[in-house]
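Note sheet for the following structure.
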Amino acid sequence: MYNSAKGRKFLQVTFKDVTLSYDGKRDILKHLNFVIQEGSLVCLLGPSGGGKSTTLNLISGLLAPTGGHIFFDDADVTKKDALGRKVGMVFQNYALYPHLTVLKNIEFPLKMAKMSKADRTKRAKELAALVHVEDQLDKKPGELSGGQQQRVAIARALAKEPSILLLDEPLSNLDARLRIEMREEIRRIQRETGVTTVFVTHDQDEAMHISDQIMVLHDGHIQQFSTPKKLYASPDNLFVAQFIGEPVINSIPATALNHDLAGIVPDSILTQAQTAGIRPEALTLPQRALDPLVTLHGKVLEFDQFGRESTANIDYNGYQLISTEMSQLAHDTKELDFTLEKKGFFLFDADGKRIFGGDTPMVLVGDQSAQKDPAAAPTESGGDTHAE
Ligand SMILES: Nc1ncnc2c1ncn2[C@@H]1O[C@H](COP(=O)(O)OP(=O)(O)OP(=O)(O)O)[C@@H](O)[C@H]1O
């Protein structure tokens, strides 16, 4: 049984004001500040070109920052290369040695480290059991499925007891079903070993399922670094609100709601609000409402029901809103009153910053008690390590 977690302390990674420019002119990463807690699994998530791989390569030591400092626990490793930092890496294309058997592939880093044959075989077999390829030891990589090859790559990366495990889009070459199976496996292996793990993906579903924390990167900035639950329930800005969630959040100009929200949401907020974000599940039929903010009126443009799921497309003041909570709508309904729930409704200012909803105490017009005692208002505690 693989037991390197016993008695081992795992590593915390800190970026202090880290900047990276490839050409000396344009900063690709701009003053990143964050802490990755020891023993956690963190996903770097974001659209293409957002800086995920660059950030991973800075953690690994394959790239040196243009400015700032990187710490592994208290040690400044900014000037250390990948070897000096003792990182384990797994890439999208597995990078296994095609002429070596599974056993020899896993043993390889230990052989390089001059471990005795008996010891390295014992350890490679433990790792093979950890990643569930113990019955494939004599096969060559070409005889394995993509998922099995990725398991071997993970075992090899763990062989030298790395200070941290880094995975760059490790599942992108696998088909949809295998991706789901392997992401659960990576989570299991991470929990069993306890090794601090950073995982790059552009797939929000993958990130939401396996992460302790997700760092959303876009345009060289950390948009938000928090738990999956908090990213969804309390996005810091419009970019995160729109990037996380399927179906995508409804976004309409805040002015479209002005008439209905006047006298409910304070004017001081409404005058600053530029965009309203409404999760599809925050639009319900009045009889199903849990914690309503206001009742709205609209026209049904389309209603689809597939199995237990349904989607209603509603015209509200000339804007289309999608709701996933109207399965009980009569199919011939043309117009309806519907409820906007407090949970899943956000207002963002002209810079895209959230100014209403989520874990901001929801102070409404006439709501004296909430004004005096914000602690009494509903909040979402994420227990986050925050960045920037
Ligand atoms: N070696 C390089 N030289 C110059 N520019 C680079 C280099 N590598 C990346 N870039 C640029 O840096 C920016 C961030 O790239 P990066 O690969 O970190 O993004 P990413 O979020 O990992 O994207 P993807 O999901 O497409 O892999 C992009 O604008 C990219 O063009």
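The values are calculated or read from the model by the stated rules, or taken from the named source; none is laboratory data. A quick note: this is a predicted structure, and the numbers were derived from the prediction, not measured. Neighbour counts are summed over all protein chains in view; Cβ atoms, including those assigned to glycine, are modelled from backbone coordinates with ideal geometry.
Of all residues in segment 330-351, exactly one satisfies the criterion of being small (G, A, S) and surrounded by 17 or more Cβ atoms within 10 Å (Cβ to Cβ), namely G344. In this structure, is V13 closer than 22 Å to M215 by Cα, at pLDDT 95 or above and either among the polar types (S, T, N, Q) or within 16 Å of the ligand (Cβ to nearest atom) (or both)? Here the answer is no, as V13 does not meet what is asked. Looking at segment 238-251, is at least one residue under 24 Å from G366 (Cα atoms), at pLDDT 95 or above and surrounded by 20 or more Cβ atoms within 10 Å (Cβ to Cβ)? Taking every residue of segment 238-251 in turn, none turns out to be under 24 Å from G366 (Cα atoms), at pLDDT 95 or above and surrounded by 20 or more Cβ atoms within 10 Å (Cβ to Cβ).
Against the conditions (1) more than 16 Å from the ligand (Cβ to nearest atom); (2) surrounded by fewer than 20 Cβ atoms within 10 Å (Cβ to Cβ), I36 satisfies every one except (2).
Being among the charged types (D, E, K, R), outside any loop (DSSP other than H, G, I, E, B) and out of contact with any Pro (no Cβ under 9 Å at 6 or more places or on another chain) is the filter here, so list the residues in segment 321-358 that pass it. Show your work before the answer.
We begin by selecting, within segment 321-358, every residue among the charged types (D, E, K, R); these are 325, 332, 334-335, 337, 341-343, 349, 351, 353-354.
Those left that are additionally outside any loop (DSSP other than H, G, I, E, B): 325, 335, 337, 341, 349, 353-354.
Correct list: E335, D349, K353.
Please state which one of D27, D23, D76 is among the acidic types (D, E) and more than 16 Å from the ligand (Cβ to nearest atom).
Sole residue among the options that is among the acidic types (D, E) and more than 16 Å from the ligand (Cβ to nearest atom): D76.
In this structure, is L41 crowded, with 17+ Cβ neighbours inside 10 Å, within 16 Å of the ligand (Cβ to nearest atom) and either at pLDDT 95 or above or among the β-branched types (V, I, T) (or both)? No. State yes or no: is A129 at pLDDT 90 or above, farther than 27 Å from L56 by Cβ and of a type in the set (A, V, I, L, M, F, W, C)? So A129 passes the test.
For every residue, the table says whether it meets (1) surrounded by fewer than 19 Cβ atoms within 10 Å (Cβ to Cβ); (2) outside the structural domain of L20 (by TED's automatic domain parsing); (3) in a helix (DSSP H, G or I).
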{"site": "G88", "(1), (2), (3)": "no, no, no"}
{"site": "K125", "(1), (2), (3)": "yes, no, yes"}
{"site": "A157", "(1), (2), (3)": "no, no, yes"}
{"site": "L166", "(1), (2), (3)": "no, no, no"}
{"site": "L171", "(1), (2), (3)": "no, no, no"}
{"site": "L178", "(1), (2), (3)": "yes, no, yes"}
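The set of residues in segment 326-350 that are among the hydrophobic types (A, V, I, L, M, F, W, C) and touching a residue at least 60 places away in the same chain (Cβ under 8 Å) comprises L340, F345, F346, L347, F348, A350. Confirm whether H99 is assigned to a strand (DSSP E or B), away from the ligand (no atom under 15 Å from the Cβ) and over 26 Å from L231 (Cβ atoms). Against the criterion (assigned to a strand (DSSP E or B), away from the ligand (no atom under 15 Å from the Cβ) and over 26 Å from L231 (Cβ atoms)), H99 does not qualify. Within segment 200-216, if we keep just the residues that are within 15 Å of the ligand (Cβ to nearest atom) and closer than 13 Å to E184 by Cα, the residue that is nearest to the chain's Cα centre (by Cα) turns out to be A207.
Find the residue count for segment 217-243, including only residues that are within 16 Å of the ligand (Cβ to nearest atom) and either over 14 Å from G357 (Cβ atoms) or more than 13 Å from the chain's Cα centre (by Cα) (or both).
11
For segment 260-317, the set of residues classified as among the acidic types (D, E), under 30 Å from the mean Cα position of the chain (by Cα) and at pLDDT 95 or above consists of E281 only. Residues in segment 33-71 that are in contact (Cβ under 8 Å) with a residue 60 or more places away in the chain, among the polar types (S, T, N, Q) and not in a strand (DSSP E or B): Q37, S40, S48, S53, T55, S60. Filtered by the rule that a residue be in contact with a helix residue (DSSP H, G or I) (Cβ under 8 Å, 6 or more places away or on another chain) and outside any helix (DSSP H, G or I), segment 238-257 gives I244, G245, E246, P247, V248, I249, N250, S251.
Condition test on S211, is it in contact with a Cys (Cβ under 7 Å, 6 or more places away or on another chain) and either at pLDDT 90 or above or hydroxyl-bearing (S, T, Y) (or both)? Yes.
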